Amino acid sequence: MTTNSRLEGFRERKDVFFKTNESSPLTEEQKEIFEHLNYYPENSELNLVLELDTTGEGVGEEITVGTESGGTKQYVRLGRIVFSVDGEDAKLSVFQDTTSGKFFLPFRDTTAGNETYPVGRYVDPKARPDGKLNVDFNMAYNPYCAYNTGWSCVIPPFENRITVPIRAGETNPPFEHE
């Protein structure tokens, strides 16, 4: 199976989940009109294997991140990744959820508010056996609060606002949230 068909299969399964699953972020009314999520075409240059720099200031600290509804969530800053997009360097902090232990990469790039959800998007980096991280921006997704106000979503911290466009993953939701 090629990467392209794996990504297409994932996207198809996600559309079915959004349309039919009781845990979908969509309201019943939204499910009735929902056809599919919107995505950028696959960009193999944004499926990255990166070193996690764990030497910088603040690494290992627990931080409080704000949510769209005014609440907060706790994360540990694991380190930072550095990569290049179309010849421009970008640096993002990778966090670990203090509850689930999962790696979390919230970010806001220059597509936010135009091509993608204004608050930002998320990626879930995967640890590799060699100690590096797989960060596939083709898997970037909108937080559930992009679809309706019944969800409270983490706002990417200032350190994860970058000045390069990440044209991979989900784009704007197919309709305004309720």
Within the stretch 21-67, how many residues turn out to be assigned to a loop (DSSP other than H, G, I, E, B), among the charged types (D, E, K, R), surrounded by fewer than 16 Cβ atoms within 10 Å (Cβ to Cβ) and in contact (Cβ under 8 Å) with a residue 24 or more places away in the chain? 2
Do we find that residue 8 is closer than 24 Å to residue 88 by Cα, exposed (fewer than 15 other Cβ atoms within 10 Å of the Cβ) and under 18 Å from the mean Cα position of the chain (by Cα) in this structure? no
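Evaluate the following for residue 80: is it touching a residue at least 24 places away in the same chain (Cβ under 8 Å), charged (D, E, K, R), surrounded by 15 or more Cβ atoms within 10 Å (Cβ to Cβ) and in a loop (DSSP other than H, G, I, E, B)?
Considered against the rule, which asks whether it is touching a residue at least 24 places away in the same chain (Cβ under 8 Å), charged (D, E, K, R), surrounded by 15 or more Cβ atoms within 10 Å (Cβ to Cβ) and in a loop (DSSP other than H, G, I, E, B), residue 80 comes out as no.
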Residue list for the stretch 131-178, filter: among the small types (Gly, Ala, Ser) and in a loop (DSSP other than H, G, I, E, B): 131, 140, 150, 152, 168, 169
Looking at 46, 92, 52 in this structure, which one is over 16 Å from the mean Cα position of the chain (by Cα) and closer than 20 Å to residue 131 by Cα? 52
Within the stretch 53-84, which residues are more than 20 Å from residue 118 (Cα to Cα) and of a type in the set (A, V, I, L, M)? 59, 63, 76, 78, 81, 82
Take residue 108 and decide whether it is basic (Lys, Arg), over 19 Å from residue 159 (Cβ atoms) and within 16 Å of the chain's Cα centre (by Cα). no
So which pairs qualify, if the first residue must be in the stretch 124-141 and under 16 Å from residue 6 (Cβ atoms), the second must be in a helix (DSSP H, G or I) and at pLDDT 95 or above, the Cβ gap must be under 6 Å, and the two must be at least 6 apart or on different chains? 137/46
For residue 162, are the conditions met, namely being at pLDDT 95 or above and either small (Gly, Ala, Ser) or touching a helix residue (DSSP H, G or I) at 6+ places or on another chain (Cβ under 8 Å) (or both)? no
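The values are calculated or read from the model by the stated rules, or taken from the named source; none is laboratory data. Since this is a predicted model, take the numbers as computed values, not measurements. Cβ atoms come from the backbone with ideal geometry, glycine included; neighbour counts cover every protein chain shown.
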